[in-house]
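Let me begin by presenting the structure, written as structure tokens, before commenting on it.
The values are calculated or read from the model by the stated rules, or taken from the named source; none is laboratory data. Please read all numbers here as calculations on a predicted model, not as lab measurements. Please note: Cβ atoms are built from the backbone with ideal geometry, for glycine as well, and neighbour counts cover all protein chains shown. Please note that ligands, DNA and RNA were not included when accessible areas were found on the heavy atoms of the full protein model with its side chains. Shrake-Rupley method; radii C 1.70, N 1.55, O 1.52, S 1.80 Å.
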Amino acid sequence: MPTSTLTSTPDSNSVSNASSAAFEPSLRVVQGGPIAAANSPKRAPTDAPTGASAAAANAASPAGAESVQQLRLRDLTVRPTPMFFLLLMPVPPLLVAAIGYGSIAAAVVAMLLLTTALSCLWICIATLRGLRLRYSPMSPCFAGDTAMMEVRIDNTGDRDRWDIGLGIDRPAYPGPSTWVDVPPRSYNLALLALPTTERGLLRLPALRIDTEHPFGVVRAWARWEAGDVLQVFPRPELDGPPLPRARDASGALRLDPTRAGLDEEVPPGVIGGDEARGAVERAASRLTAWVLRAERLEMTYGLRLGVLVVPAGRGLRHQRRCLELLAQWDGKPPRSWAQLCRSHEPTPPDIR
């Protein structure tokens with residue numbers, strides 16, 4: 001899926017190129033193929049970590065697993081539309097005419113309208129029931145980019161599923177962002193645009209899948225939470241200063257907030273202030289640009305944020321480790337080593 005390239009340079013051209021991959025059209029639908037027979041394990045939703053040091057400890061944690069949800073009847077909410085009542089409105093007068101005047105034609109029309117309304121109700125529910133939603137973890141992006149959520153809709157049945165809408169379940173998104181049709185025993189892929197404004201861990205919003213098939217007589221929908229988070233890196237600074245000249249004993253480049261314009265670590269009592277927060281954001285943006293530039297120049301570099309130290313190194317894995325730490329840094333050192341051990345890996349070998 002479109003994401004920002006982590007090896008892009010921090011100058012204006014490279015950052016714009018890195019961002020352009022994420023700023024694609026807001027939605028795209030890709031026709032799928034036959035579905036696989038095996039089912040992926042269902043992952044329980046988890047809350048996003050809070051706090052810089054606890055989140056920084058998760059920098060070395062592996063990416064989340066695929067999330068799967070199969071829609072059942074109890075997951076659906078069904079509501080008739082005005083068209084449903086328009087179909088049923090003539091039924092009582094027609095039945096009265098059929099009984100009072102012995103009109104066979106009136107009875108036939110009344111039964112036809114009633115059958116049509118009930119059939120639309122059943123078809124609408126059957127369109128969503130049994131669908132399997134799959135979500136694959138998203139790659140990290142930079143703050144300000146538009147990340148793309150990829151959702152796969154599997155149809156394991158033998159009938160077509162028409163007019164399925166998919167969108168983000170938020171007041172700012174009044175309706176579905178895209179509509180798909182899913183053939184029998186096949187799948188479709190839908191991409192949903194998710195703007196990012198701040199760095200850190202962004203909990204993915206709930207999704208809403210709905211349909212009014214057929215004829216818009218009945219509307220059925222379901223709400224689904226993937227329970228995953230998106231890693232958002234700081235936005236690299238444009239036209240910033242050159243790399244610092246500070247080197248350690250081995251000759252590796254040393255990067256820390258003091259060389260990025262932050263005179264000292266922000267005291268915990270003023271971390272919520274606008275001035276203190278702005279200083280931390282500027283330092284994180286400049287350090288991100290330096291990490292990208294040092295990696296592009298194939299330099300050996302290390303990162304120090306308070307007592308959190310990423311040893312000198314280079315390569316994409318080393319670069320991502322530094323960017324993840326910067327994404328979740330709040331300007332305060334962790335209180336204890338225990339906060340550095342909240343990781344899925346046995347030990348954090350590269351952060352000490």
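Data table
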{"item": "Sole residue being closer than 20 Å to Cys322 by Cβ, open to solvent by less than 60 Å² (accessible area, probe 1.4 Å), among the acidic types (Asp, Glu) and touching a residue at least 40 places away in the same chain (Cβ under 8 Å), chosen from Asp228, Asp248", "result": "Asp248"}
{"item": "Segment 89-127 - residue that is crowded, with 17+ Cβ neighbours inside 10 Å, in contact with a strand residue (DSSP E or B) (Cβ under 9 Å, 6 or more places away or on another chain) and hydrophobic (A, V, I, L, M, F, W, C) and, of those, nearest to Ala190 (Cα to Cα)", "result": "Cys124"}
{"item": "Yes/no for Gly240 being part of a loop (DSSP other than H, G, I, E, B), under 26 Å from Asp330 (Cβ atoms), open to solvent by less than 20 Å² (accessible area, probe 1.4 Å) and at pLDDT below 90", "result": "no"}
{"item": "Flag if Gly130 is open to solvent by 10 Å² or more (accessible area, probe 1.4 Å), closer than 30 Å to Leu292 by Cα and in contact (Cβ under 8 Å) with a residue 60 or more places away in the chain", "result": "no"}
{"item": "Positions within segment 138-160 being open to solvent by 40 Å² or more (accessible area, probe 1.4 Å) and not in a strand (DSSP E or B), in sequence order", "result": "Ser139, Thr156, Asp158, Arg159, Asp160"}
{"item": "Near pairs, Cβ below 8 angstrom, 6+ apart or cross-chain, from segment 277-295 (open to solvent by 10 Å² or more (accessible area, probe 1.4 Å)) to any residue that is of a type in the set (S, T, N, Q)", "result": "Arg293/Thr9; Glu295/Thr7; Glu295/Gln319"}
{"item": "Near pairs, Cβ below 7 angstrom, 6+ apart or cross-chain, from segment 150-166 (more than 18 Å from Arg72 (Cβ to Cβ)) to any residue that is of a type in the set (Asp, Glu) and buried (at least 18 other Cβ atoms within 10 Å of the Cβ)", "result": "Asp163/Glu212; Gly165/Asp210"}
{"item": "Conditions (1) in contact with a Phe, Trp or Tyr (Cβ under 9 Å, 6 or more places away or on another chain); (2) surrounded by fewer than 16 Cβ atoms within 10 Å (Cβ to Cβ); (3) aliphatic (A, V, I, L, M): number failed by Ala172", "result": "(1)"}
{"item": "Boolean, Pro176 is in a loop (DSSP other than H, G, I, E, B), touching a Leu at 6+ places or on another chain (Cβ under 7 Å) and not polar (S, T, N, Q)", "result": "yes"}
{"item": "Subset tally (residues that are farther than 13 Å from Leu128 by Cα, open to solvent by less than 20 Å² (accessible area, probe 1.4 Å), in contact with a Ser or Thr (Cβ under 9 Å, 6 or more places away or on another chain) and assigned to a strand (DSSP E or B)) for segment 179-220", "result": "4"}
{"item": "Residue list for segment 296-311, restricted to those being open to solvent by less than 30 Å² (accessible area, probe 1.4 Å) and either modelled with pLDDT of 95 or more or part of a strand (DSSP E or B) (or both)", "result": "Tyr301, Gly302, Leu303, Leu305, Leu308, Val310"}
{"item": "Complete set of residues in segment 97-153 that are closer than 20 Å to Leu192 by Cβ and either among the charged types (D, E, K, R) or more than 43 Å from the chain's Cα centre (by Cα) (or both)", "result": "Arg132, Arg134, Asp145, Glu150, Arg152"}
